[in-house]
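What follows is a set of notes on a single structure, which appears directly below.
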Amino acid sequence: MSIDSIDIAPFAARRARVMEHMGSGLAVIPTAAEHLRNRDSHYPYRADSYFHYLTGFDEPDAVLLLIAGAHPQSILFCRTKDADKEIWDGFRWGPEAACERFGFDAAQPIERFDVQFAELLADQPSLWFSLGYDAIWDARIAGALNEVRAQARNGKQTPAQVNDIRMTLDAMRLIKDHSEIAIMRRAASISADAHRRAMCATRPGRHEYEIEAELLHEFRRRGCQATAYSSIVAGGANACILHYIGNDRILRDGDLLLIDAGGELDGYASDITRSFPVNGRFSGAQADVYRLVLDAQIAAIAAIKPGVSFLDPHEAALKVLAQGMLDLRLLQGSLDGVIESEAYKRFYMHRTSHWLGRDVHDAGAYKRGETWQILQPGMLLTVEPGCYIRAADDVPAAFHDIGVRIEDDALVTADGCEIITHEAPKSIRDIEALMQEAEND
Ligand code: GLY
Ligand code: MN
Ligand code: MN
């Protein structure tokens, strides 16, 4: 997001909410480190999701401190201005300008973090931190705690409690606010168009990577900074490999193509899967499996509303899929029997939903004690039933190597849900019509 257009109000509001929840104590939220890819080339930098959720600040080498209590305070530590480095690597805010533009109470050079942190930690009742998330930070935090402990005879007191700040942040991130929903709608719309573009570009004889390139073209052309995860462009039998990312095979006439791809926009993921015929026309067996998965998805979507369990959409999809597997003679027995024995897992081995947000498999609890999470307005989850039929002697030949998944992103609303990825064609009729049109162009 361009800093000219960024609205800092949601970030400040989130910091205030975190400190209110903490009540007292000091929270430390570092951003992600830069990582080498090879020799002196780095992976594209991406800020830590928690840090960015609370700051909107994109630079590496930054840490947020939150001091809760009667006078809540947020302090950013970041890189200083450096004319030489900025010639090579680009603009950096520096503490003074960052403090003003992003609305912190104070900002300091990152070099002063260790000393300042140990000073601020002394006499705090509690420390809030993501213990175990990053070994380097674990050691740094332990070092600061020990530094305070070493000053006990000078009257300094070490925090008696270390709390996991993720518990608070995960609960907040589970319910998306208005600014998050606006970004996720845009990410969904761009990603839906990327799938349309991929459908139009697909022909027998092209490679999976050529279609992947069409997706990337649309993501970047429309402002997505990255893909939200490695794109899966899986022709034929590759669709039955759930995390296939090789994307280097030739697409064959008569095969299906499964694409699971979504853009990341301003730190938010989109997650869409479509499955369609390489030649633009579903065969009879492909259409049978496709209709089954689509019916399962429609049943799951119908189950999404406030007050129901996170598991309800999965169970709705499962019933349809298991019955379909019996009808198509992929399985034998009764509906209750194949659900009870989990025989359906041979063809449907994953769950139907996960939370979606800054991370594709987003933060947020799925279960509280013995109870699955109850859906509430503002939650965002995927709905992604599938059916993956590997070639085998006991499976009718017409179904061999057919892999279908249909995935959309659902925002829970006051009385149901909104499918924010609805612009990606999904019915057999719409997919065939779009591909036909592209072929005639
Ligand atoms: N694209 C990752 C997933 O669907 O969970
Ligand atoms: Mn997903
Ligand atoms: Mn996906």
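The values are calculated or read from the model by the stated rules, or taken from the named source; none is laboratory data. Since we're looking at a predicted model, the values are computed, not measured. Note that we place each Cβ from the backbone using ideal geometry, even for glycine, and neighbour counts take in every protein chain shown.
Quick notes on this structure:
- Number of residues in region 264-276 that are over 10 Å from the mean Cα position of the chain (by Cα) and either closer than 14 Å to ALA198 by Cβ or surrounded by 24 or more Cβ atoms within 10 Å (Cβ to Cβ) (or both) equals 6.
- Scanning region 216-232 for residues that are closer than 18 Å to ARG197 by Cβ and away from ligand 1 (no atom under 12 Å from the Cβ) returns LEU216, HIS217, GLU218, PHE219, ARG220, ARG221, ARG222, GLY223, CYS224, ALA226.
- Region 335-375: number of residues that are assigned to a loop (DSSP other than H, G, I, E, B), among the small types (Gly, Ala, Ser), surrounded by 12 or more Cβ atoms within 10 Å (Cβ to Cβ) and away from ligand 1 (no atom under 16 Å from the Cβ): 1
- Conditions (1) surrounded by fewer than 21 Cβ atoms within 10 Å (Cβ to Cβ); (2) of a type in the set (Val, Ile, Thr); (3) closer than 22 Å to ALA438 by Cα; number of the one not met by ILE245: (3)
- Selected residue [of a type in the set (A, V, I, L, M, F, W, C) and over 16 Å from HIS195 (Cα atoms)] from ALA433, ALA391: ALA391
- Yes/no for ARG405 being within 15 Å of ligand 2 (Cβ to nearest atom), of a type in the set (Lys, Arg) and in contact (Cβ under 8 Å) with a residue 12 or more places away in the chain: yes
- Test: residue in region 418-433 that is within 30 Å of ARG252 (Cα to Cα), modelled with pLDDT of 95 or more and part of a strand (DSSP E or B): no
- Evaluation of MET199 against the conditions (1) closer than 21 Å to ARG252 by Cβ; (2) in contact with a helix residue (DSSP H, G or I) (Cβ under 7 Å, 6 or more places away or on another chain); (3) within 16 Å of ligand 3 (Cβ to nearest atom) shows that the sole unmet condition is (3).
- Scanning region 63-117 for residues that are among the polar types (S, T, N, Q), closer than 26 Å to ARG149 by Cα and outside any helix (DSSP H, G or I) gives GLN73, SER74, GLN108.
- Out of SER191, SER230, one residue alone is surrounded by fewer than 18 Cβ atoms within 10 Å (Cβ to Cβ) and within 16 Å of ligand 2 (Cβ to nearest atom). It is SER230.
- Selection from region 6-28 of residues that are at positive phi and either without any contact (Cβ under 8 Å) to a residue 24 or more places away in the chain or surrounded by 15 or more Cβ atoms within 10 Å (Cβ to Cβ) (or both): GLY25
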